[in-house]
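The values are calculated or read from the model by the stated rules, or taken from the named source; none is laboratory data. Note that the structure is a prediction, hence the values are computed from the model and not measured. Using ideal geometry, Cβ is built from the backbone for each residue, glycine included, and neighbour counts are taken over all protein chains shown.
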Amino acid sequence: SAMLDNHLAQGNTLGLDVRRISWKRVMDMNDRALRHIVAGLGGPAHGVPRETGFDITVASEIMAILCLAKDLQDFKARVERVIVGESVSGAPVAARELRAAGAMAVLMKDAIKPNLVQTLDGTPALVHGGPFGNIAHGCNSLIATRLALKLGEVVVTEAGFASDLGGEKFVDIKCRTGGLVPSAAVIVVTTRALALHGTENLAKHVENVRLFGLPPVVALNRFTDDTDDKVAAVVAACKELGVPCGVSRGWELGGAGVTDLAGTVLNAIGSADRSRFSYLYPDDLGLAAKLETIAKRAYGADGIALAPAAAAKLARFEALGYGRRAACQAPNPETGRPRVLLAAGERQTDRDARAAGQAQRPADDADAPLLDRRQDRLDRRLSVDQRERGRPVLNGGYASIAMPMRAVLLGTESPRPNPKAEV
């Protein structure tokens, strides 16, 4: 954001339309007034006045890129494709035209490394990344998952927001991007949630997991006020659905409280046919058709109703070459209702659409002009870059800038998953 505003202040050689800049700043502050602001006030020395705003950090596209990149070089390549806005002629402008990827890689050189922690029982865990589950894909980083697959026999990872949203994004975005093939999916339930939404809701989530070709397992989080009769009722309901159920008391007993569930999951993994794993839609399906497929198959809707603005944007995205990108839907209070309510002929309404810049730019735009190198004197960040290993470098004659760093955890090639490992 700072480099973008500096570019505007230094002459705007890319011809950015200040009314169509889509890139926002981020800050974790519960303040609605910061969602839409005017920046650059105070005269010429303080920038160009324009409308902008703040997102929360986990909603930044950089967070999503961090979690989909296979290594630092892939991160830089994806950052280069971030769409920051449009020119006055209506053409999309990418971060690579601002020459911002190198400086951003330096800022992320440590953040791209997974964090190794341990549970209270001493089990190793990799904690890395946090893209928003509704706006982005809501999964941990591919780097952490691939590293875990290389080191462990069984890897457990989370895709929040249930099977219809989190599960679908895990399969159609993360697994598709990283070439992952899961062996089972665990649906976590509580007696309180089932009392509120009913077993019909659970049945839909079980159906969704099976749509992906995965064997489902139900994990019942048992709390202190859950009677034996309530637990037995859940187990019986799962039996009617033909899905195994394991009781979990991990929050209370630690590892000893999940041995029943772990055994149930291992049995499902052992009998899984991984060749049945499939995505919800193919790459070559149109964007609107992808949204309708998700709405019908995952959400249980009768179809979608595209608002005129959303339909126009989808058509433009396809014309720009984004048609083969994955669809990432964001929920609202309507889509957040119990999914069984959408099965009675309701249509899902999609009001807006946005292209994620980590998608590849159109082939005919591959030679778009970069920012004139004479602008280097105006912003030294344009010359900062980060190699895969070693120190950050400052191009243009400063070869020995003193910016020591530790070596990046992973090399240029991501670790190859263990073929025997499971997700």
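Filtering region 254-284 to residues that are touching a helix residue (DSSP H, G or I) at 6+ places or on another chain (Cβ under 7 Å) and closer than 28 Å to TYR322 by Cα leaves TYR279, LEU280, TYR281. Given the condition assigned to a helix (DSSP H, G or I) and under 19 Å from LEU165 (Cα atoms), answer yes or no: does some residue in region 230-243 qualify? No, that holds for no residue.
Within this structure, MET63 fails the test of being closer than 30 Å to ASN115 by Cα and out of contact with any Pro (no Cβ under 9 Å at 6 or more places or on another chain).
Among the residues of region 49-72, those identified as surrounded by fewer than 17 Cβ atoms within 10 Å (Cβ to Cβ) and within 21 Å of ILE83 (Cβ to Cβ) are GLU51, GLY53, ILE56, THR57. One residue alone among GLY263, GLY213 is assigned to a helix (DSSP H, G or I) and either over 23 Å from ARG192 (Cα atoms) or assigned by TED's automatic domain parsing to the domain that holds ALA310 (or both), and that residue is GLY263.
Taking (1) in contact (Cβ under 8 Å) with a residue 24 or more places away in the chain; (2) at negative phi in turn, GLY213 satisfies each apart from (2).
Against the numbered list (1) outside any loop (DSSP other than H, G, I, E, B); (2) touching a residue at least 24 places away in the same chain (Cβ under 8 Å), MET29 comes up short only at (1). Counting residues in region 105-121 that are under 30 Å from HIS7 (Cβ atoms), in contact with a strand residue (DSSP E or B) (Cβ under 6 Å, 6 or more places away or on another chain) and in the same structural domain as VAL18 (by TED's automatic domain parsing) gives one or more. Selection within region 168-188: residues that are of a type in the set (Val, Ile, Thr) and under 20 Å from ASN134 (Cα atoms). The member of this set that is surrounded by the most Cβ atoms within 10 Å (Cβ to Cβ) is VAL171. Annotation note: Cβ proximity below 8 Å between a residue of region 281-297 that is without any contact (Cβ under 8 Å) to a residue 12 or more places away in the chain and a residue that is assigned to a loop (DSSP other than H, G, I, E, B) and not hydrophobic (A, V, I, L, M, F, W, C) (sequence gap 6+ or interchain) occurs for ALA289/TYR281; LYS296/ASP302.
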